[in-house]
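The structure under discussion appears below in the form of structure tokens.
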Amino acid sequence: MDPAALSAALLAVIVPLAEARREGSSAGLSAADLPLERPKNRDHGDWASNAAMKLAKVVGANPREFAAEIAEGLASVDGVASVEVAGPGFINIRLDAAAAGALAKTIVEQGAAFGTNDSRADEIINLEFVSANPTGPIHLGGTRWAALGDALARILSSQGAKVTREYYFNDHGAQIDRFARSLVAAHQGDPTPDDGYGGAYIGDIAKRVAEAYDGDIDALDADAKQEAFRELGVNFMFDEIKQSLHEFGVDFDVYFHENDLHNSGAVERAVARLRELGHIFEADGATWLRSTEFGDDKDRVIIKSDGQPAYISGDLAYYLDKRERGFNRCIIMLGADHHGYVQRLMAMCAAFGDVPNVNLQVLIGQMVNLVRDGQPLRMSKRAGTVVTLEDLVEIVGVDAARYALTRSSADSNLDIDLDVLQKRTNDNPVFYVQYAHARTHNVARNAAASGVDRSEFAPELLDHESESALLGALQEYPRVVAHAADVREPHRIARYLEEVAGLYHRWYDNCRVIPLGDAPVEPVHRTRLWLNDATGQVLRNGLTLLGVSAPERM
């Protein structure tokens, strides 16, 4: 019996009880109104519900008395071994071994589809992440967003959402000018400009620009040379960024150029739309958005008095462009230095008539630090001043890097111990989970060699304490994924996988899939192979959502 079936059974018991107390009305109750959760203490049962306490006031009942009525009804449901009432009205439910064990076959038969659904089919999501300036390699903050953003896209897609991964290409503004001046200086052998970019990569890109330019680049005047290095240099740098991301397992559906907003009239269209809505005013020769009406701390200049667009104008145009492309959910992942920018973005969303935190959501990520031998790692061999995506991958590999970056909440600072990630021991969380998956395949290979197959399934035989605990965790997988999608937190899946891995290793130590010596193959061995393979499937499904491989041998 999976959580959905148990929820349906709970609903079937509660509805007539509620109708009897409310004179024929159950107030449109659904399974979603009846929470189920796994007790932290497994001695309390397989599932617990506070439905009686939640509904007692509505139906006019004492919570504990109402819980007792529900418990009596649930006790007669097939697959329920016992039901107890605890405290002020908690309902603790224990399933019989057959009902709990049936999940193993369900998981194996559903395969990669286990944990997926179409509950978000009406959500058309634009997920913008990384969006690093094309002025240098991707630093650790951008690398964290690459891992988290791609994992979040996979998670949301698994719940039925239509997700477009988008990279906002910042090819407009002062930072690009500084990049171009840095390239020119490197080409000419001059010192790096005070506000420029350093690192060996600048010299590499400058050399490539000079070699690729059609003609004598040194014959150009200063402005033309600057433009040549800007155009070719940005393209070369961005090609490197895209290649690095691809090798990290992250590819984007759309690369949106900031320049296009300013060249296509998108800014003017956004201003015109806001003017139609009555949120634009003129003062001091400038054009303003009356954003204080929508929770901002001050009104914002959109077009400056010299006629040039202010920075926020690009945000206005870009958001409207996304909405006009049909996205009803826009998620933006930004670094910690943008925390103060969230309020004005939400005001912008509201000014267009949309709902903040629904049509637009902003996720803020904190800093990442690499630690080796107990000391922070601060220098890159190539970038010089910051550690990059390539540095991290070179040290620990793609799998360990992605897993380490997704297993912690994005809104907390993250210290990654490189010494731990390079270990092939249980201290290394990615090794711990991947090894559990590889072990399931090793068990299956040895089972096949010993004549144990899945030709028989007797779930009532899965009655060992370690089997009950493992099944209890496996049945949580769909709920964990759905919750991770709800709260936009991929780390919940990583932590869940570590729990499953631990329970699997304990089960492996206690329950044999292969008979000892010359003992015959019995139904319990074949049934345990189903549980073994179900565990491997859940580990594989979860690792796939994180963009981490699930090796069959280690």
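The values are calculated or read from the model by the stated rules, or taken from the named source; none is laboratory data. Just so you know, these numbers come straight off a predicted model, no measurement behind them. Here the Cβ is made from the backbone with ideal geometry for all residues, glycine too, and neighbour counts use every protein chain on show. Surface accessibility is based on the protein's heavy atoms, side chains included, excluding ligands, DNA and RNA. Shrake-Rupley method; radii C 1.70, N 1.55, O 1.52, S 1.80 Å.
Looking at the range 132-156, which of its residues are without any contact (Cβ under 8 Å) to a residue 40 or more places away in the chain and either open to solvent by 40 Å² or more (accessible area, probe 1.4 Å) or in the same structural domain as Glu489 (by the TED database) (or both)? Those that are without any contact (Cβ under 8 Å) to a residue 40 or more places away in the chain and either open to solvent by 40 Å² or more (accessible area, probe 1.4 Å) or in the same structural domain as Glu489 (by the TED database) (or both): none in the range 132-156. In the condition set (1) assigned to a helix (DSSP H, G or I); (2) open to solvent by 50 Å² or more (accessible area, probe 1.4 Å), Met346 is compliant with all but (2).
Just one of the listed residues (Ala401, Ala436, Ala447) is open to solvent by less than 10 Å² (accessible area, probe 1.4 Å), modelled with pLDDT of 95 or more, assigned to a helix (DSSP H, G or I) and closer than 24 Å to Met367 by Cα, namely Ala401. Selection of the range 274-289 for residues being in contact (Cβ under 8 Å) with a residue 40 or more places away in the chain and either surrounded by fewer than 19 Cβ atoms within 10 Å (Cβ to Cβ) or part of a loop (DSSP other than H, G, I, E, B) (or both) yields Leu277, His279.
Determine whether Asp419 is in contact with a strand residue (DSSP E or B) (Cβ under 9 Å, 6 or more places away or on another chain), over 30 Å from Ala519 (Cβ atoms), in contact (Cβ under 8 Å) with a residue 24 or more places away in the chain and not in a helix (DSSP H, G or I). It is false that Asp419 is in contact with a strand residue (DSSP E or B) (Cβ under 9 Å, 6 or more places away or on another chain), over 30 Å from Ala519 (Cβ atoms), in contact (Cβ under 8 Å) with a residue 24 or more places away in the chain and not in a helix (DSSP H, G or I). Entry remark, the range 205-224: residues being in contact (Cβ under 8 Å) with a residue 24 or more places away in the chain and charged (D, E, K, R) number 1 in total.
Residues in the range 329-343 that are in contact (Cβ under 8 Å) with a residue 24 or more places away in the chain and open to solvent by 40 Å² or more (accessible area, probe 1.4 Å): Arg329, His338, His339, Gln343. Can you name the condition, by its number, that Glu467 falls short on among (1) under 16 Å from Ala98 (Cα atoms); (2) surrounded by fewer than 21 Cβ atoms within 10 Å (Cβ to Cβ); (3) of a type in the set (Asp, Glu)? Only one criterion is unmet by Glu467, namely (2). Restricting attention to the range 348-384 and to residues that are at pLDDT below 95 and charged (D, E, K, R), the residue that is farthest from Glu394 (Cα to Cα) turns out to be Asp373.
Checking each residue in the range 233-263 for being in contact (Cβ under 8 Å) with a residue 24 or more places away in the chain and more than 25 Å from Pro309 (Cβ to Cβ) picks out Phe236, Glu240, Ile241, Ser244, Leu245, Glu247, Phe248, Gly249, Val250, Asp251, Phe252, Asp253. Of all residue pairs spaced 6 or more apart or on separate chains, those with beta-carbon atoms under 8 Å, a first member in the range 306-326 that is without any contact (Cβ under 8 Å) to a residue 60 or more places away in the chain and a second member that is open to solvent by less than 30 Å² (accessible area, probe 1.4 Å) and of a type in the set (Phe, Trp, Tyr) are Tyr319/Phe352; Leu320/Phe352; Arg323/Phe352.
Taken together, the residues in the range 519-554 that are hydroxyl-bearing (Ser, Thr, Tyr) and outside any helix (DSSP H, G or I) amount to 1.
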